[in-house]
Each structure stands twice: as structure tokens, then as C-alpha cells.
Amino acid sequence: QLIERLNNGLNHKLTLISASAGFGKTTLLTEWVSQCKIPVAWISLDKSDNDFAHFIQYFVASLKPIKASIGKSALSVLQSPQKPGIESITITLIKEISDIPNDLVIIFDDYHAIDTQEIHKTVELLLDYLPTHIHFVIATRVDPPLPLARLSVNNQLTQLRTVDLCFTPDETTLFF
């Protein structure tokens with residue numbers, strides 16, 4: 001049923017998987033991706049990804065297998081001598097990703113490792129402005145500082161929480 005809920009989440013901009021450590025978020029996503037017929041860009045995050053430039057480079061690298069030319073302009077803006085604003089880099093990146101004509105899933109795994117406001121703002125802008133055929137999945141231990149209420153009200157959010165990830169008695173028996 002969790003795979004089915006993830007598949008149904010493709011009808012929304014964001015699927016949020018939020019539960020404590022050890023509840024199988026990454027395992028669930030790995031299983032789902034193995035069955036997914038849509039291209040997936042997977043970004044496994046850690047504390048070192050809190051540097052905005054590093055985050056953007058890592059994000060662009062995850063998209064290269066989908067479209068090799070993606071991110072050239074965004075990386076160029078990022079590396080310019082003048083310090084560009086996050087909005088200009090993000091908008092450039094949005095334009096490049098928007099050129100991908102087919103469905104795409106972008107997974108941010110371990111998003112709880114991110115505590116940089118610039119990165120949260122970038123993810124929010126991506127959610128706000130990317131076309132509807134680009135789907136985000138965020139796996140995290142705590143809810144991210146993103147407009148989850150607004151996304152929920154606008155029917156753009158699928159949520160899997162701790163209670164959803166717990167095994168039923170039958171599933172526990174089958175597992176053992």
C-alpha cells in the first residue's frame with residue numbers, strides 16, 4: 001500500500017515522508033524507485049550539503065543522467081565573479097529543469113540534515129515554479145520549513161508519516 005501511495009503522490013508536487021530514524025524511509029524509496037517507470041534524480045543529503053554552492057552542484061549532478069546539458073547556465077551563474085543571489089541561480093535552474101518534457105521525480109533523502117535557509121528557500125521556489133510534471137519526494141526525520149500547509153490546502157501534498165510506516169501485525173509476521 002505504501003508503494004501505491006507513492007505512485008499516487010505523482011499526482012502532486014510533493015510527497016513528504018516524515019518519520020524518526022529507523023522507520024524505513026530510504027528502504028521504502030529504494031523499493032519504489034526500483035519499480036518506478038519515471039526517471040529519478042536522487043540526492044542523499046548530509047551536513048556537508050548545507051553550503052549553498054555545494055548543494056546546487058550536487059543537485060545539478062543528480063540531474064545529469066536525465067539530461068546531460070542541464071545546469072550549465074545555473075552553474076555558470078553560480079561561478080560568476082559577482083556573488084549572484086539565490087533567486088537568480090534558482091530561476092536559471094528552474095528554466096533549465098522546465099525544459100525536461102517528461103515526468104521526473106526528484107528525491108531529497110535525509111532532508112533533515114539541511115539547516116541553511118538559502119537551501120530551504122531554493123527548494124520552496126522549485127516547488128512553486130517548476131511545472132507539474134516534476135515531482136518532489138522529501139524523506140526526513142522532521143518536517144522541513146516549507147509551506148506544507150499551503151501545499152496541502154492546494155492538494156499538492158502527499159504525506160507518509162510514522163503511523164503509515166509501521167508494520168501491521170500481519171506484516172510483522174510475514175517479515176519474521
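The values are calculated or read from the model by the stated rules, or taken from the named source; none is laboratory data. Everything numeric here is computed off the predicted structure, so don't read it as measured data. Neighbour counts are summed over all protein chains in view; Cβ atoms, including those assigned to glycine, are modelled from backbone coordinates with ideal geometry. The accessibility values were calculated without ligands, DNA or RNA, using every heavy atom of the protein model including side chains. Shrake-Rupley method; radii C 1.70, N 1.55, O 1.52, S 1.80 Å.
Let me know the charge dipole size of the chain about its Cα centre in debye, to the nearest 20, where only the beta-carbon of Lys, Arg (+1) and Asp, Glu (-1) is charged.
Computed charge dipole of the chain: roughly 360 debye.
Going 7 Å from the Cα of Ala21 in the Cα-to-Cβ direction, what parts of the range 111-125 have a backbone nitrogen less than 18 Å from that spot?
From the range 111-125, the list is 111-115.
Could you tell me what fraction of 2.2 N^0.38 Å the Cα radius of gyration of the range 1-57 comes to, as a two-decimal ratio? List each step's numbers first, then the result.
Values: Rg = 13.3 Å, N = 57, 2.2 N^0.38 = 10.2 Å.
The reported ratio for this selection is 1.30.
Accessible area per residue for the chain in Å², computed with a 1.4 Å probe and the full protein assembly in place, what is it?
That works out to 51 Å² per residue.
Pulled fully out, how much extra length does the chain show between His112 and Asn11, if you take 0.36 nm times their separation in residues and subtract their Cα-Cα distance? Show your work: numbers first, answer last.
Details: separation 101, 0.36 × 101 = 36.36 nm, distance 2.42 nm.
The span from His112 to Asn11 would gain 33.9 nm if fully extended.
With angles folded into 0 to 90 degrees, how steeply does helix 86-98 sit against the dominant principal axis of the chain? Use alpha carbons for both and round to 10.
In the chain, helix 86-98 runs at an angle near 70 degrees to the longest axis.
At a 1.4 Å probe radius, carbon and sulfur cover how many percent of the accessible area of the chain?
In the chain, the share of accessible area belonging to carbon and sulfur is 54 percent.
Return the label of the correct value of Cα extents along the principal axes in Å, as calculated from the structure shown, out of [x] 60, 32, 31; [y] 90, 47, 22; [z] 51, 44, 24.
[x]
Per DSSP H run of n ≥ 4, the term is -39500 (n - 2.57); total these for the chain, divide by its residue number, and report the mean residue ellipticity at 222 nm rounded to 500 deg cm²/dmol.
Calculated from helices alone, the mean residue ellipticity at 222 nm is -13000 deg cm²/dmol.
Hey, if we sort Tyr129, Tyr58 by accessible area with the 1.4 Å probe, largest down, what's the order?
Working: Tyr129 150, Tyr58 80 Å².
The ranking, largest first, comes out as Tyr129, Tyr58.
To the nearest 0.05, what FRET efficiency results for Thr173 and Arg141 with a Förster distance of 30 Å applied to their C-beta separation?
0.60
Please build a GNM for the chain, connecting alpha carbons under 10 Å apart, and tell me which residue among Asn50, Asn155, Asn11 fluctuates the most.
Highest fluctuation of the listed residues: Asn155.
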